[in-house]
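Asks: So that we are looking at the same thing, I have put the structure below in structure tokens.
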């Protein structure tokens, strides 16, 4: 196993583990606001780890840049949706 | 099987808690589950595109966050107006 493979394994492994932890957090937490924290964490850190892994494998080619765009899109778009969801939850509580 | 495909397979397990939330919890909680499922599936598609060495598959992963964004916002608005 080369250093390149090791870096890929670590990046993908940590990204998947972090994403699964966030999904587990959704079930464990009790309030919608706590669950939103985990939903935000799921779209903040793991996408950039995956993008980093793709960039290590492909360098700055089309797939690498696409993976980075996906990560940035998730990072930018998710807080807006979280805000809308929290607003609905707050309306529900009155 | 390479590391990308193993990662995608493991990542898809993350849809199960989101599905559980959609079935068992309240509607707002289900919305959070839907949002997270969108993120999980997007990342799984990136890993699958890389695992199969098909850069064209990445287009689906590129479009999904935006479609998921619009869909979730629409549902949030609908929930706020009609279902609460």
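The values are calculated or read from the model by the stated rules, or taken from the named source; none is laboratory data. All values derive from a computational prediction rather than experimental measurement. A quick note on method: Cβ atoms are made from the backbone with ideal geometry, for glycine too, and the neighbour counts reach across all protein chains shown.
Asks: Filter the range A:45-61 down to residues that are part of a helix (DSSP H, G or I) and under 15 Å from residue A:74 (Cα atoms), then give me how many there are.
Replies: Of all residues in the range A:45-61, those part of a helix (DSSP H, G or I) come to A:46-58.
After this cut, where a residue has to be under 15 Å from residue A:74 (Cα atoms) as well, the list is A:46-52.
Selection size over the range A:45-61: 7.
Asks: A further question on this structure: Would you say residue B:38 is within 22 Å of residue A:45 (Cα to Cα) and modelled with pLDDT of 90 or more?
Replies: Details: within 22 Å of residue A:45 (Cα to Cα): yes; modelled with pLDDT of 90 or more: yes.
When the stated conditions are applied, residue B:38 passes them.
Asks: Select the helices (runs of 4 or more DSSP H) contained entirely in the range B:4-84, then report the ones holding at least 2 residues which are closer than 27 Å to residue A:57 by Cα and touching a helix residue (DSSP H, G or I) at 6+ places or on another chain (Cβ under 7 Å). Outline the logic, then answer.
Replies: Working: elements: B:15-24, B:27-51, B:58-78.
Fully inside the range B:4-84 and qualifying: B:27-51, B:58-78.
Asks: Looking at the range A:17-31, which of its residues are surrounded by fewer than 16 Cβ atoms within 10 Å (Cβ to Cβ) and outside any helix (DSSP H, G or I)?
Replies: Residues satisfying the conditions are A:30, A:31.
Each row is one residue, and each column tells you yes or no for (1) more than 8 Å from chain A (Cβ to nearest Cβ); (2) surrounded by 21 or more Cβ atoms within 10 Å (Cβ to Cβ); (3) touching a strand residue (DSSP E or B) at 6+ places or on another chain (Cβ under 8 Å).
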{"residue": "B:12", "(1), (2), (3)": "yes, no, no"}
{"residue": "B:21", "(1), (2), (3)": "no, yes, no"}
{"residue": "B:25", "(1), (2), (3)": "yes, no, no"}
{"residue": "B:32", "(1), (2), (3)": "no, yes, no"}
{"residue": "B:38", "(1), (2), (3)": "yes, yes, no"}
{"residue": "B:43", "(1), (2), (3)": "no, yes, no"}
{"residue": "B:61", "(1), (2), (3)": "no, yes, no"}
{"residue": "B:77", "(1), (2), (3)": "no, no, no"}
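Asks: Right, something else. Any idea which residue in the range A:32-73 is farthest from residue B:37 (Cα to Cα), counting only those that are at the interface with chain B (Cβ under 9 Å from one of its Cβ atoms) and surrounded by fewer than 16 Cβ atoms within 10 Å (Cβ to Cβ)?
Replies: A:61
Asks: Shifting gears a bit: Pairs, please: C-beta under 7 Å, at least 6 apart or cross-chain, first residue in contact (Cβ under 8 Å) with a residue 24 or more places away in the chain and at the interface with chain B (Cβ under 7 Å from one of its Cβ atoms) and in the range A:10-29, second in a loop (DSSP other than H, G, I, E, B) and surrounded by 16 or more Cβ atoms within 10 Å (Cβ to Cβ)?
Replies: Hits for this filter: A:19/B:14.
Asks: Name the residue, out of B:65, B:17, that is more than 24 Å from residue A:76 (Cβ to Cβ), buried (at least 22 other Cβ atoms within 10 Å of the Cβ) and at the interface with chain A (Cβ under 9 Å from one of its Cβ atoms). Outline the logic, then answer.
Replies: Working: B:65 fails: more than 24 Å from residue A:76 (Cβ to Cβ).
Checking each option against the conditions leaves just B:17.
Asks: I'd like the full set of residues that are within 11 Å of the chain's Cα centre (by Cα) and within 14 Å of residue B:17 (Cβ to Cβ), limited to the range A:22-40.
Replies: Here is the first cut: in the range A:22-40, the ones within 11 Å of the chain's Cα centre (by Cα) are A:22-23, A:38-40.
If the condition is that a residue be within 11 Å of the chain's Cα centre (by Cα) and within 14 Å of residue B:17 (Cβ to Cβ), then A:22, A:23, A:38, A:39 are the ones that fit.
Asks: Checking residue A:3 against (1) touching a residue at least 24 places away in the same chain (Cβ under 8 Å); (2) surrounded by fewer than 20 Cβ atoms within 10 Å (Cβ to Cβ), only one condition comes out false. Which one?
Replies: (1)
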